[in-house]
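Here is the structure we will look at, set down as structure tokens.
Read the figures in this text as sums done on the coordinates, not as results from a lab. Remember, it's a predicted structure, so these values are computed and weren't measured experimentally. Here Cβ is always computed from backbone atoms with ideal geometry, including for glycine, and neighbour counts include all displayed protein chains.
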Amino acid sequence: MAEVEAATVAAAAETPAVAATEAEGAPAAKAPHKLQRQWAFWYDIQSKPKPGAAWGSSLRKAYTFDTVEEFWSLYDQIFRPSKVTVNADFHLFKAGVEPKWEDPECANGGKWTVPCSRKTTLENMWLETLMALIGEQFDESEEICGVVASIRQRGDKLALWTRTASNEAVQVNIGKKWKEIIDYNDKMVYSFHDDAKREKPSRGGRYNV
């Protein structure tokens, strides 16, 4: 099942590019609305891992975009959490940044995490976060790497990745702004990637808002 869904996502990811190319030749087409920077959608449809497979070996970049029109095409056709029924992660990261701890932009960072109990809640929070990121709504936008939506049977969650985990003031400002954007009222915790890499990672977060 996971292999089928991964193939479907991969095939669908090519569709917006074709549509965009065809649109370029259309007469009297309106100029696309450019974003401040390029972003990339990634996906990780998780099947049973093969023996010896490295973490992240199933992670794939789907499409890089820099216009509002491309974003909505990709979101509507592919990157809605409700479209996936198996264990999967959807990522939106700045172009040039891989959603991995090893990436230089992420190596010294961490993440704010929000649990979501229902698919509708996850989808709403995911979309609000995507629009906030591409719309540069965070004052500390240069500090943000991207966001991950994790779809799981045991409970969905969102994670907002940032660059400099040790800068508490900046991370707290980002956390407060994110809570406002997604209208989240419970406690939100921030964890360092370095803590998660340990054999016995700490359960609590370093900061909370």
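The relative contact order of region 56-179 comes to 30 percent, based on Cα pairs under 8 Å that sit 6 or more residues apart. Is there a quick way to get the dipole size of region 98-209? I mean about its Cα centre, with the Cβ of Lys and Arg at +1 and of Asp and Glu at -1; what is the value in debye to the nearest 20? Once rounded to the nearest 20, the dipole reads 720 debye.
For the cross-link pairs Lys30/Lys157; Lys61/Lys197; Lys34/Lys61; Lys100/Lys187; Lys83/Lys197; Lys100/Lys177, the ones whose C-alpha atoms lie over 29 Å apart are Lys30/Lys157; Lys83/Lys197. Between Gln38 and Ala95, the built amide H atoms are under 5 Å apart, and every one of these is 5 or more places off in sequence or on another chain. Quick check: from the Cα gyration tensor, does region 124-209 come out rounded (a/c under 1.5), prolate or oblate? The shape class here is oblate.
Using the average count of surrounding beta-carbon atoms within 10 Å as a protection proxy, the listed peptides 106-113, 83-90, 153-160 rank, highest first, as 106-113, 83-90, 153-160. Once backbone amide H atoms are built at 1.01 Å from N, Ala165 has Gly109, Gly110 as its partners under 5 Å, excluding neighbours fewer than 5 places away on the same chain. Peptide packing: for 146-152, 59-65, the average count of neighbouring Cβ atoms within 10 Å per residue gives the ranking 146-152, 59-65, highest mean first. Measuring between their Cα centroids, region 88-139 and region 141-209 lie 9 Å from each other.
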